[in-house]
Structure formats: structure tokens, C-alpha cells
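Scroll down for the structure; my scribbles are underneath it.
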Amino acid sequence: MSKFSQFMKANKIAKENGKYAPTKSLVDSEGKPLEWEFKHISSKENEELRESCTYEVQVKGKPNLFRPKLNSSKYLSMMITSSVVYPDLYNADLQDSYGVKTPEDLLFAMVDDPGEYNSLGEWIQQFQGFTKSLDEKVDEAKN
């Protein structure tokens, strides 16, 4: 038996999907907010999302020097849409019903209350294993 047998994939605990009702404006027949289903994203998926939301900005006073900057609001919306299992934010009929063409725009249309969207953002970050929110990390980096 290998000394690494405990680390084999067969021993890895599968992460279960989570449910959360991100808005009070979408309700069932009893008036309860509809729960959405979310999946965990992998570290690799997260890194690809982060990379796609990072761009170069010029350092002031240094003409040929650039530094990476994360568009945190875009990153958060892409993390949420990548995590949503149900409802299907890629569904053309659902997008058409809101008059939008992208899953991110559909997310903003469905959860159109800023407070609810912020709460969803906080919930998804905790669900994905982040112990500090993006805003907290940005504040730490500034200090």
C-alpha cells in the first residue's frame, strides 16, 4: 500500500451543492423566495475566472511599467454565474424574458436589488471557501 493512499482521489470527500434564495422578488406559489442551486467551482476554474478579470494598468510616473489589477465586480459576477446550477442562466428563453443576452446580465436582472446582490456575493464567497470577502481583501491590500 502506498504511503499516499489517504490522498488518493477515491478518499476525497465530494462537495455538495448548496441552496440559497438570493432575491425576495421571485417567489413560489406560497410566497416563499425561490431557492437557487449552486455548485462549488474548482481552484483551476477560479484561477481562470480571476485571470479573465485581470488587466494591466500603467504605474504612475513609470512609462513602461504596468501592474495587474483585478476587476472585482466582474470577477464576483462571473464567479456567481459559474456557480449557479439552477436556474440555468445560460438558457436563451430565460435571457429573452428579461431582454438580456449574457448570464451575467441575466443575474443582474433577476437579482436587481443592490442589497440582495451584495448578500448573494457574500454568501457565494463563503460557499466557495473564502473566509474574507473581496472587499475585505482589497481594504487589507490598501493598508
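Details
- With the simple model of a label 7 Å out from the Cα in the direction of the Cβ, Val57 to Asp88 spans 3.9 nm.
- Contour excess over end-to-end distance, with Cα ends at Glu47 and Lys3 and 0.36 nm allotted per residue: 12.8 nm
- Diagonalising the gyration tensor over the Cα atoms of the stretch 1-134 and scaling each eigenvalue by 5 before taking the square root yields semi-axes of 29, 27, 13 Å, largest first.
- Residues with amide H under 5 Å from that of Val85, placed H, sequence gap 5 or more: Glu37, Phe38, Lys39
- Cα-centred dipole magnitude for the chain, charges only on beta-carbon of K, R (+1) and D, E (-1), debye, nearest 20: 1000
- Farthest towards the positive end of the charge dipole of the stretch 9-129, among the residues Gly61, Thr81, Leu106, is the Cα of Gly61, using unit charges on the Cβ of Lys, Arg, Asp and Glu.
- Cross-link table Lys19/Lys69; Lys12/Lys44; Lys69/Lys101; Lys9/Lys44, entries beyond 21 Å C-alpha to C-alpha: Lys19/Lys69; Lys69/Lys101
- Using θ = phi - 60° and Karplus 6.51 cos²θ - 1.76 cosθ + 1.60, couplings along the stretch 87-92 (whole Hz; Gly, Pro as x): x, 6, 6, 8, 5, 5
- Structural descriptor for the stretch 23-143: relative contact order 21 percent, calculated from alpha carbon pairs under 8 angstrom and at least 6 residues apart.
- By average C-beta atoms within 10 angstrom, highest first, the peptides 4-12, 19-27: 19-27, 4-12
- Each helix, a run of at least 4 DSSP H residues, gives -39500 (n - 2.57); summed and divided by the residues of the chain, these come to -12500 deg cm²/dmol at 222 nm.
- Potential lengthening of the chain between Leu26 and Ser72 amounts to 13.9 nm, from the contour at 0.36 nm per residue minus the alpha-carbon distance.
- Using a simple spin-label model with pseudo-atoms 7 Å out from Cα toward Cβ, Thr102 and Glu16 lie 3.5 nm apart.
Taken together, the values in this text are just the output of simple stated rules run on the coordinates, not laboratory data. From a predicted model like this one, the values you see are computed outputs, not experimental measurements. Cβ sites come from the backbone with ideal geometry, for glycine too, and all protein chains shown count toward neighbours.
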